[in-house]
Amino acid sequence: MTNYGAIPTSSHPLPAIDLEYISRAKHRIKSGLATRRPWKSMFDFESMTVPHGFFDAVSRIKTNLGYFRANYAIGVLFILFLSLLYHPTSLIVLSILVVFWIFLYFLRDEPLVVFGYQIDDRTVMIGLSVLTIVMLLLTHATWNIIGSLLTAAVLLLIHAAVRRSDNLFLDEEAAAVTESSGLMSYPSS
């Protein structure tokens with residue numbers, strides 16, 4: 001006899017969802033995005049003024065690049081994404097590279113250690129940027145990539161120059177990282 005309309009049930013119980021893993025991932029995402037400064041602070045129109053001169057602009061650019069580093073990385077990746085919408089292969093490569101960005105730059109809790117050397121955030125960002133550009137250039141979307149990177153660089157520099165930096169406060173560690181070479185000896189235990 002057939003039971004029409006009956007909902008089939010499985011004799012095997014569903015695997016338990018690892019709630020601890022989900023909770024840890026959620027915490028890592030929140031803490032990873034904590035390096036990003038609030039967008040409201042970044043686009044505070046009251047803090048946008050024309051620099052008083054060349055040296056004032058250079059000083060603002062240096063400070064803002066250090067302070068809004070994660071925001072600028074997200075902005076560049078977003079502009080790059082928009083430019084690749086009509087190149088599916090490049091978009092797939094960018095999606096894979098975004099995973100690398102998320103795990104190696106945005107969500108990393110501890111410093112990256114390679115062969116006994118601690119790699120700081122700036123060096124990781126430069127390495128991921130070079131890897132992203134090289135991999136995308138191999139997908140034959142060269143002019144889209146060059147155009148989007150130039151657009152992103154111009155917008156980034158304009159923002160960094162006109163955003164007043166006198167009301168931004170870098171913590172001591174971030175200031176020290178900005179001054180460091182990017183590669184520090186890590187004591188092995």
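At a glance:
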{"read-out": "Close pairs from region 116-142: first in contact (Cβ under 8 Å) with a residue 12 or more places away in the chain, partner of a type in the set (Ser, Thr, Tyr) and open to solvent by 40 Å² or more (accessible area, probe 1.4 Å), Cβ under 7 Å, at least 6 apart", "value": "116/186; 116/188; 117/185; 117/186; 118/186; 139/89"}
{"read-out": "Among the residues listed as 119, 96, the single one being buried (at least 16 other Cβ atoms within 10 Å of the Cβ) and over 21 Å from residue 37 (Cα atoms)", "value": "119"}
{"read-out": "All helices (runs of 4 or more DSSP H) inside region 37-113 with 3 or more residues being in contact (Cβ under 8 Å) with a residue 40 or more places away in the chain", "value": "54-67, 69-83, 88-101"}
{"read-out": "Conditions (1) surrounded by fewer than 15 Cβ atoms within 10 Å (Cβ to Cβ); (2) assigned to a strand (DSSP E or B); number of the one not met by residue 134", "value": "(2)"}
{"read-out": "Residues (under 18 Å from residue 86 (Cβ atoms), β-branched (Val, Ile, Thr) and open to solvent by 50 Å² or more (accessible area, probe 1.4 Å)) located in region 143-155", "value": "146, 151"}
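Per-residue answers, yes or no, for (1) touching a strand residue (DSSP E or B) at 6+ places or on another chain (Cβ under 9 Å); (2) at pLDDT below 60; (3) exposed (fewer than 11 other Cβ atoms within 10 Å of the Cβ):
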position: 8; (1), (2), (3): no, yes, yes
position: 19; (1), (2), (3): no, no, yes
position: 24; (1), (2), (3): no, no, no
position: 33; (1), (2), (3): no, yes, no
position: 41; (1), (2), (3): no, no, no
position: 50; (1), (2), (3): no, no, yes
position: 65; (1), (2), (3): no, no, no
position: 73; (1), (2), (3): no, no, no
position: 85; (1), (2), (3): no, no, yes
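The values are calculated or read from the model by the stated rules, or taken from the named source; none is laboratory data. The structure displayed is predicted, hence computed values, not measured ones. Heads up, the Cβs are rebuilt from the backbone with ideal geometry, glycines too, and the neighbour counts pull from every protein chain shown. These accessible areas exclude ligands, DNA and RNA; they are computed on the full protein's heavy atoms, side chains included. Shrake-Rupley method; radii C 1.70, N 1.55, O 1.52, S 1.80 Å.
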